[in-house]
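Undergrad: Please see the structure below; I have some questions.
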Amino acid sequence: QVQLVESGGGLVQPGGSLRLSCAASGSFFSFNGLGWYRQAPGKERESVAVINKGGSTNYAISVKGRFTITRDNAKNTLYLQMNNLKPEDTAVYYCNTVPKMPGIPWGQGTQVTVSS
């Protein structure tokens, strides 16, 4: 059974950087599309970055050029490097398959707060 544990969030000033990690167990890395989602207060969860087995990536327009997604298949870990953070990036960040597959549970997420 897949288990996902996100970490690396925190409080950062606008313009700062954070690196999120997603440690996965089970068959998570057998899926082609893996990605990061976020959910801000009062808003729906949205996909912000995806990477496939071949290394191709795709990003939401709002984060393109600032966020970089990578995967380490040997370590079963997915990463999200976030640079030039903005207050609107404040959210709980989750990793999961893209598209979301049934039976793959959500982790607890990691809180990112961008504020001066």
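Undergrad: For the chain, how many pairs of lysine residues have a Cα-Cα distance under 25 Å, where the two are 8 or more positions apart or belong to different chains?
TA: Pairs that pass both the separation and distance tests number 9.
Undergrad: Now for a separate question. So what's the net charge close to Leu34: Lys and Arg +1, Asp and Glu -1, counting the other residues with Cβ under 12 Å from its Cβ?
TA: Working: positive: Lys53, Arg71, Lys100; negative: Asp72.
So the environment of Leu34 carries a net charge of +2.
Undergrad: Against the empirical 2.2 N^0.38 Å scaling, what ratio does the C-alpha Rg of the chain come to?
TA: Values: Rg = 13.2 Å, N = 116, 2.2 N^0.38 = 13.4 Å.
After normalising by residue count via 2.2 N^0.38 Å, the value is 0.98.
Undergrad: Still on this structure, I have one more. Cα convex hull of region 39-103: how many Å³ per residue? Walk me through the numbers before you get to the answer.
TA: Details: hull volume 7.0 nm³, N = 65.
Dividing the Cα hull volume of region 39-103 by its residue count gives 107 Å³.
Undergrad: How many Å² of accessible area per residue for region 25-82, probe 1.4 Å?
TA: 52 Å²
Undergrad: While we're on this one: With a 1.4 Å probe and every protein chain kept in, tell me what percent of the accessible surface of the chain is carbon plus sulfur. Please list the in-between numbers first.
TA: Numbers: 2950 of 5960 Å².
On the chain, the fraction of accessible area on carbon and sulfur atoms equals 50 percent.
Undergrad: Enter the Cα centre distance for the pair region 84-101 and region 3-36, rounded to the nearest angstrom.
TA: If we compute the Cα centre of each part, the gap is 9 Å.
Undergrad: While we're on this one: With charges set only on the Cβ (+1 for Lys and Arg, -1 for Asp and Glu), what does the dipole of the chain come to about its Cα centre, in debye to the nearest 20? Each step should come with its number before you reach the end.
TA: Numbers: 11 positive and 6 negative charges, 35 e Å.
Dipole magnitude for the chain comes out near 160 debye.
The values are calculated or read from the model by the stated rules, or taken from the named source; none is laboratory data. This one's a predicted model, so the numbers in the text were calculated from it and none came from an experiment. As a convention, Cβ positions derive from the backbone with ideal geometry for all residues, glycine included, and neighbour counts pool all protein chains shown. Heavy atoms of the whole protein, side chains included, go into the accessibility calculation; ligands, DNA and RNA do not. Shrake-Rupley method; radii C 1.70, N 1.55, O 1.52, S 1.80 Å.
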